[in-house]
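Engineer: So that we are looking at the same thing, I have put the structure below in structure tokens.
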Amino acid sequence: MTELDSGRPEGAATWRRSRRIHVVAALVSLLAAGSVVWLFDTFGIVRPSDAVERQLVASVDLRIGDPTAVGQQGEARARADIAAGLLQWQTFAKQPRDADAEAERAQRLKARYGLAWVYKTTEPTPLALAFVSGYNRVMQAEFERRHGKAALDELLRDPRARLPQKDTAS
């Protein structure tokens with residue numbers, strides 16, 4: 001097209017077309033920049049200087065290695081078992097090899113008093129001993145309350161009812 005055909009100079013149409021391209025390019029650039037800023041803000045890459053820093057807050061239970069606290073956990077477990085209707089005695093003794101006499105005695109205790117033996121298969125560590133001691137302390141009081149002192153004395157004569165002692169020589 002020439003100037004004479006359209007009545008406009010040839011350079012004006014080119015200028016308008018390039019102006020449109022520039023405006024569209026500027027808008028797309030602003031949109032892209034806004035998207036990047038939004039992503040940085042979403043993922044916490046850029047924070048304003050006056051914003052409060054988010055902190056990782058963690059709690060550590062310092063009672064994990066404490067025998068007193070583990071004993072209290074054993075007591076709580078025993079109370080829950082009593083509430084559920086279980087009467088058990090935990091022991092680190094190995095299950096008896098003489099199945100006849102010991103099984104008969106265990107069945108007699110189960111039939112007469114509703115008491116079941118729970119054999120711990122792990123090595124008795126100080127924490128495990130504390131747990132079992134706390135558990136059995138509550139069960140012992142409940143057993144005595146239900147069945148009397150004579151029944152408790154009969155139970156405590158059983159070598160399985162005693163906790164292993166820690167080595168004092170080392």
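Engineer: Ignoring ligands, DNA and RNA, how do Asp81, Asp66, Asp158, Asp41 rank by accessible area with a 1.4 Å probe, largest first?
Structural biologist: Asp41, Asp66, Asp81, Asp158
Engineer: Another one. For Gln88, list long-range residues whose amide hydrogen, built 1.01 Å from N in the peptide plane, is under 5 Å from its own amide hydrogen.
Structural biologist: Long-range HN contacts for Gln88: Ala116.
Engineer: Given a Förster radius of 25 Å and the C-beta distance between Ala101 and Ala150 as r, what FRET efficiency does 1/(1 + (r/R0)^6) yield to the nearest 0.05?
Structural biologist: 0.70
Engineer: Working with all protein chains in place, sort Phe131, Phe40 by solvent-accessible area computed with a 1.4 Å probe, largest first.
Structural biologist: Phe40, Phe131
Engineer: I'd like the Karplus ³J(HN,Hα) series for region 87-92: coefficients 6.51, -1.76, 1.60, θ = phi - 60°, whole numbers in Hz, and an x wherever there's a Gly or Pro.
Structural biologist: Each residue of region 87-92 in turn: 10, 10, 10, 8, 8, 9 Hz.
The values are calculated or read from the model by the stated rules, or taken from the named source; none is laboratory data. All values reported here derive from a predicted model rather than from experimental measurement. Glycine also receives a Cβ, built like all others from the backbone with ideal geometry; neighbour counts cover every protein chain displayed. Calculation scope for accessible area: heavy atoms of the full protein, side chains included, ligands and nucleic acids excluded. Shrake-Rupley method; radii C 1.70, N 1.55, O 1.52, S 1.80 Å.
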